[in-house]
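The values are calculated or read from the model by the stated rules, or taken from the named source; none is laboratory data. Everything numeric here is computed off the predicted structure, so don't read it as measured data. Quick reminder, even Gly has a Cβ in these numbers, built from the backbone with ideal geometry, and neighbours come from all protein chains shown. For the accessible areas, the whole protein counts, side chains as well, though only heavy atoms, and no ligand, DNA or RNA atoms are used. Shrake-Rupley method; radii C 1.70, N 1.55, O 1.52, S 1.80 Å.
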Amino acid sequence: MSDIFRRHDHALGEFALRPLDPDADAALLHRWVTHPKAAFWLMQDADVAGVAEEYRRIAAHPHHDAYLGSWRDRPAFLAERYDPARVELVGLYEPEPGDVGMHFLCAPTDTPAHGFTRAVLTTVMAWLFADPATRRVVVEPDVRNTAVHALNAAVGFTVVGEIRKPEKDALLSVCTRERFRAAARGEATP
């Protein structure tokens, strides 16, 4: 499968996204989503077949899709895009035209690169905002995931408030194109 988006990070180099292949990528994803550092992904007990089944379900959904991200041409992260008015957040917030939901997960590594996770999130956000129809990116991480809350704030997200989902208490946050651009330029945002 070919890349649908590429971004050059001045410090870390090339990042890219391509559509995920649920069957071909299942074994790789299984190692990622069952790793202890992926506890908030809620797939700790999944087997390879279960991971493939989950991503086939996402691939078949008209309002949810998944992408495999690479760094320097090696698989390195997972990204999901969804319509929050139809998936994940139905009835839990007031959607606006142009809202796009997002999840991301970095692959576990024994040799972390400084700034990698932020570069991944910046790549995913740049990809989502490359679509002119996207006005806001919406996320709903677990309230206990303080590391991702700080990262989200660093790229321009604003906390809307806590919401209760069936599987977790989440911190609903949104990021506009303008806030993302300002954060990418290193400008303070109100």
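When Asp23 is tested against (1) in contact with a helix residue (DSSP H, G or I) (Cβ under 6 Å, 6 or more places away or on another chain); (2) among the charged types (D, E, K, R); (3) closer than 23 Å to Thr117 by Cα, only condition (3) is not met. The set of residues in the range 71-85 being open to solvent by 10 Å² or more (accessible area, probe 1.4 Å), in a loop (DSSP other than H, G, I, E, B) and touching a residue at least 24 places away in the same chain (Cβ under 8 Å) consists of Arg72, Asp73. Please find, within the range 124-142, the residue that is nearest to Ala183 (Cα to Cα) out of those that are of a type in the set (D, E, K, R), assigned to a loop (DSSP other than H, G, I, E, B) and open to solvent by 30 Å² or more (accessible area, probe 1.4 Å). Result: Arg135. With respect to the conditions (1) without any contact (Cβ under 8 Å) to a residue 60 or more places away in the chain; (2) outside any loop (DSSP other than H, G, I, E, B), Pro166 lacks only one, and its number is (2).
Looking at Leu121, Leu68, can you tell me which residue is crowded, with 19+ Cβ neighbours inside 10 Å and part of a strand (DSSP E or B)? Leu68 is the lone residue from the list that is crowded, with 19+ Cβ neighbours inside 10 Å and part of a strand (DSSP E or B). Across the range 7-49, the qualifying residues are those that are within 14 Å of Arg74 (Cβ to Cβ) and within 16 Å of the chain's Cα centre (by Cα), and the one among them that is most open to solvent (accessible area, probe 1.4 Å) is Arg18. Considering Glu88, Glu187, Glu94, the condition of being part of a loop (DSSP other than H, G, I, E, B), among the acidic types (Asp, Glu), in contact (Cβ under 8 Å) with a residue 40 or more places away in the chain and open to solvent by 30 Å² or more (accessible area, probe 1.4 Å) is satisfied by Glu88 alone.
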